[in-house]
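The values are calculated or read from the model by the stated rules, or taken from the named source; none is laboratory data. Not measured: the values here are computed from a predicted model. Here the Cβ positions follow ideal geometry from the backbone for every residue, glycine too, while neighbour counts run over all protein chains shown. The protein model used for the area step is the full one, side chains on, heavy atoms only, and it has no ligands, DNA or RNA in it. Shrake-Rupley method; radii C 1.70, N 1.55, O 1.52, S 1.80 Å.
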Amino acid sequence: MAAKSDGGGGPAVLLESPGGGGGRRDGSAAPPARRYRLRDGCWVLCALLVCFADGASDLWLAAHYYVQGQRWWFGLTLLFVLLPSLVVQLLSFRWFVYDFAAGSTKDSAGSTKDSARGPRGCCRLCVWVLQGLIHLLQLGQVWRYLRTLYLGLQSRWQAEHRRRHFYWRMMFESADINMLRLLETFLKSAPQLVLQLSIMVQQNDIAPLQGFSASASLLSLAWMIASYQKVLRDSREDKMPMSYKGAVVQILWHLFTIAARAIAFALFASVFQLYFGIFIVTHWCIMTFWIIQGETDFCMSKWEEIIYNMVVGIIYIFCWFNVKEGRSRYRMGIYYIITLSENAALTILWFLYYDRETTSDFNALILVCVVSSSFALGIFFMFIYYCLLHPNGPIFSSSSGGCIFRQQPAPVPGSPADAVTSPPRSLPRTTGGEREGAPGDRDSCVPVFQVRPCAPPAPAARAPRTEGPVIRIDLPRKKYPAWDAHFIDRRLRKTILALEYASPSTPRLQYRTPGAPQEVLEYETTV
């Protein structure tokens, strides 16, 4: 059974039965199925609470400025609330329209199993009206959070096949809400945080409502970075999932680094408004060019990739965000060196030119110490995360691949590993004395290079596994930290869900492996 996604450029998707053309045996063991836990539901509820606190506090503060007669601050605060929210709501409703249009496809595919599945007639009209009202009231994210929680709970209560289906849909919905919220926080919460901090510095006073609004914006930024990374790792079977301890420490890492960055911005903007705008635009252009030069692979088209890089450039104004596989620690080190230099330059310039009549020297020194100590705390929690709580294991653990050299096991006598070939021409040949070795010299050293035999190793016995339906996707699998294609391509997602409805059991996904004689990159779906 084959189906192709909508649109002329959509990837081909093929569902093969166990007895069809998908009878290839690769012997790879299926990963353990992940189940929705109560702590996952609590995490979603906390994310919903952070989202509500961020939006409600900003609206409340805007109303407070209006009542106090501060129309300029009222206009800016309300602008940073409504404009990003409208952009995100339009994107969310567009996704809903495309996904809901797949209802008829799902109904036709699953009519043999459940004729009542999917809204029809007036029910479909009611769904359209309800979703239009929800997004008109700027509550699209709230609805998606509640839907994620509902799908997760259903995956715990349903039967085995239905449980995996609901878990799959929950992962799709969780990916959607995290992408939307990440975009919203850096379009709304980040400028809102800098604006409110600048008002506090100019007025030399911190009102309780201002402090609450700034704190909610800061927490929202740090939360969404950590939540996005956690959901991204949970969605990929080739990566270890992030623990909640690691997510909390990552929140603290970004909380303090973003706080230092925002305070430095606010201090500089309170004195040099024009130069602050020039600095932000210049930094965004440099970061966007750096990201484009790195050739990211996130979206399905070139223009979508450019827009994505421009959005990530906004994120790079405030914090680090990994967008490409390989050497991320070197890129992160370069980024934080640049950030530290910019924070120091902005803070020093403010300290040299701030208004001595409104701010005392003692308070100015306190603000400088807050910027430096906050950045230092953020870097400290970053090291805690990478050294102790990284999903791949602590970097100083011998079992995580952090060691540079490892002792190879001794070859079995008579095995092909006993055969020694001549060393490469680029390496000097060893002398006889070196081959014999001196006690306590070469015997105590771990070999750095090891010549492997030319004879290919004997194929290992492959464990039998139960065959099931396979969904073959005519696309190469994207590398981490990009989402898989079936998460970001809604046409592909719609086709996979339709095929999943038609399959009596949960199918496996298999992407195309470029440059290989046979497809070997295959993983089991656990949703």
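General remarks:
- Spin-label model distance (nm) - LYS239 vs ARG94, 7 Å beyond Cα toward Cβ: 2.5
- Taking every protein chain into account, the accessible area of the stretch 199-280 amounts to 35 square angstrom per residue (probe 1.4 Å).
- Förster radius 41 Å - calculated FRET efficiency between ALA101 and LEU388 (Cβ-Cβ, nearest 0.05): 0.30
- Paramagnetic label zone (point 7 Å from Cα along Cα-to-C-beta, ALA376; backbone N under 20 Å) in the stretch 309-345: 336-345
- Once backbone amide H atoms are built at 1.01 Å from N, LEU475 has ARG512 as its partners under 5 Å, excluding neighbours fewer than 5 places away on the same chain.
- The length gained on full extension between TRP128 and CYS369, counted as 0.36 nm times the residue separation minus their Cα-Cα distance, comes to 81.4 nm.
- FRET efficiency, 1/(1 + (r/R0)^6) with R0 25 Å, evaluated for ILE278 and ASP355 via beta carbons: 0.70
- Segment LEU136-GLN68, extension gain: residue separation times 0.36 nm, minus the distance between their alpha carbons: 21.6 nm
- By accessible area, using a 1.4 Å probe on protein heavy atoms only, the stretch 338-383 has 77% of its surface on carbon and sulfur.
- Candidate residues ARG329, ARG236, ARG156, ARG491: accessible-area rank, largest first, probe 1.4 Å: ARG329, ARG156, ARG491, ARG236
- Residues THR513 and ALA207, FRET efficiency given R0 of 60 Å [Cβ-Cβ distance, rounded to 0.05]: 0.55
- Protection proxy ranking of 357-368, 204-215, 51-62 - average other beta-carbon atoms within 10 Å, highest first: 51-62, 204-215, 357-368
- Restricting the stretch 264-353 to GluC sites (Glu not before Pro) that sit in a DSSP loop and have at most 13 other Cβ atoms within 10 Å of their own Cβ leaves GLU295, GLU325.
- Solvent-accessible area, 1.4 Å probe, carbon plus sulfur percent, for the stretch 163-247: 61
- For the cross-link pairs LYS188/LYS479; LYS245/LYS302; LYS239/LYS494; LYS302/LYS479, the ones whose C-alpha atoms lie over 28 Å apart are LYS188/LYS479; LYS245/LYS302.
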